[in-house]
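Down below is the structure, laid out as structure tokens.
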Amino acid sequence: MAEVLKSKLSLGVLLLLFSVIIVVRILTLIPNELSWDVLGYYLHLPAIFIYNDHSLNDIGWIEQLQVQYNFTGTLYQIGRGPSGDPIFFFLTGMAIFYLPWFLVAHYAAAFLGYPADGFSLPYQYTLAIGNVIYTLLALIYMRKVLLKFFNDRLAASLLVILVLGTNYLHFVTIKNLETANVLFLLIVLVLYNTIQWHETHKLKNIAAIAVFSVLAGLVKPSEVLVILIPIFWGVYDRKTFHQKFRLLLKYRSQILISAALAFVLTIPQMIYWYSETGWFIYDSYKNPGVGLDFFSPHILNVLFSFKKGWLIYTPVMWFALFGLMFLYYRNKVVFGPAVIYCFSAFYLLASWTEWWYGASYSIRPMISLYPILLIAFGYFLKWLSIQWLWLRITTLSVILLLLFLNLFQTWQFNNYILDAFGTTKDYYFAVFGKTKIAPETRNLLSMQRPFSGDAIFNDPGNYKIRELYSEDFESLAGKDGIEWSYTQINGKSFRIDGNVRYSPEFKMRYKDITHGDHLWIRARIDILLPEGYNDILPELALMFDRREGSYHYRSYKVDTSEIKPGNWSALQIDYLTPFIRSKRDFFKCHIYNQGNTPFLVDNFKIEIFEPINGQKE
């Protein structure tokens, strides 16, 4: 403690950096802070304390608030349980950290004359400002950790690199209500208490490790991997492995007490899951289009893609990776858990389908690795300090330039020059160093998909057309051993009724359709509804399908204002492919009949439009 108090330079730097963070946070406040993913994390609180509906028996109050505040494109924050009832998509972890500021805002709203509805300005601003306290705590404990390994000047330098040289700045200011801010704090606290426990073996430290690890898991389930840090602390060969096992065995009573405490923290979440699903453990993240793809991780994209690549947008962290080598030679106690945790966590985050993690600057979940990567960075700088003068000056100049680059590109990102979703290599270099860009430069961006999922095909000139499938039903009888019903009108046509509810389905793997990143698909079919048709209208359905189920499902009802019963008419739909989870996933298309009145279909055709000039995502 005395050493921490004596280290005045790092303390002064910490306070200065925090002052910058809080000023930027105040200047960037918006009246829609509780939007998108943040809305999903936060919904638990108004549901419990204001609307008395944590079971989501009637989500009308959420839909009404969505109309009033427009905080999300679609209500993806509400999932579906096994029986189809609404459940919260996200766990309760972030809501726990929002709770103090929510309570302050709830009383402030009534006092100031604002609606106490959970979303008026006092809630928006109080939560955003309140969450900077977590940033301050994180920096305080990060400094304590760094001073365990380095001198005051080096600790101060590493804090500057963290805040000004990485995407950490973006996520503790403009995006401080997202998970990265809180997770960084929790990882730092686990790291700090790991060091303390191995020095003193006090129950309070191992209990803190258990509590903070569980909270990290409640914020984001994959973050439970942080427990690898204390487990493998000091382990780097067979001998130290056996020593660690004996140490844990010696303090098994502390471990059991801490495990029990951790279990108690999970009880509210498990009770909620059980009440809503009948299971104590439930995967509320279920979505066939998004998930963990362990056997096809997006490692190169996560590291090097111009869309979001970590080492493209946070290049100063190259030196942290170099530092792992010096960490091995200088401090094997830290090297073992550093490598095991970082590589395990990295592989897991790289296995997520949407590896770019939304509208983030650089790769958001990499921030959870920074506490331990900063130690590796410090050992690199320690090595550098005894090298030739020219090498020190050159390297430190590069690091300084990378800090300025990060600040500038963060500014570009927040001013919509660097695109949150569509940056390509050509676009990146076209806007590099620019404060303004010509409108035509945005033609270099990749395909932009609307958040609603309903895209309009308005630039077919940039695509080449190819027929993928055509069926006129003239010779279909007997295919696949199935006898289909036909009516001799307009040649042979396919009859759909209460017994045959689907047209023959087109089904093909994406990889067999194209090697491109996206397609427009045009499905067309002739349809004849009988005169006086007043049954449920049939739908043309398009989707992608995999073992877990269908995703990006789009269905289009027949419009009787355009397709008049008693006459043959054409139904045509343009469909933009989503981000494909796996190129082995199937594209499927068919007509679906929910009614019982027979009708006819004919001339089922599918055309694809592939981008010219190899346009990429």
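The values are calculated or read from the model by the stated rules, or taken from the named source; none is laboratory data. These figures come from a predicted structure and were not determined experimentally. Here Cβ is always computed from backbone atoms with ideal geometry, including for glycine, and neighbour counts include all displayed protein chains. The area values use the complete protein model at the heavy-atom level, side chains included, leaving out ligands, DNA and RNA. Shrake-Rupley method; radii C 1.70, N 1.55, O 1.52, S 1.80 Å.
Tabulated data for the structure shown
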| item | result |
| --- | --- |
| Distance between modelled label sites at R442 and F245, nm, 7 Å Cα→Cβ extension | 6.1 nm |
| Theoretical ellipticity at 222 nm over the chain - DSSP helices of four or more residues, -39500 (n - 2.57) apiece, nearest 500 | -14500 deg cm²/dmol |
| Within the accessible area of segment 291-338 (1.4 Å probe), percent carbon and sulfur | 74 percent |
| Segment 364-449 - percent of accessible surface contributed by carbon and sulfur, probe 1.4 Å | 67 percent |
| Most to least packed among 176-187, 341-352 [average Cβ atoms within 10 Å] | 176-187, 341-352 |
| Highest average packing first - 235-245, 128-138, 400-410, Cβ atoms within 10 Å | 128-138, 400-410, 235-245 |
| Anisotropy class of segment 258-347 from Cα gyration tensor, a/c 1.5 cut | oblate |
| FRET efficiency for I257 and L537, using Cβ-Cβ distance with R0 set to 41 Å, rounded to 0.05 | 0.05 |
| Whole-number accessible area per residue in Å² for the chain, which is evaluated in the context of all protein chains at 1.4 Å | 46 Å² |
| Gyration tensor (alpha-carbon) shape descriptor, segment 227-309, a/c threshold 1.5 | oblate |
| Order by protection proxy (mean Cβ within 10 Å, highest first), peptides 143-150, 299-306 | 143-150, 299-306 |
| Protein accessible area in segment 49-119, 1.4 Å probe - carbon and sulfur % | 58 percent |
| Over 27 Å between alpha carbons, listed pairs K204/K382; K307/K605; K307/K583; K220/K588 | K204/K382; K307/K605; K220/K588 |
| Cα centroid of segment 163-197 to Cα centroid of segment 295-342, whole Å | 17 Å |
| Estimated FRET transfer efficiency (T28, E474; beta-carbon r; R0 56 Å; 0.05) | 0.30 |
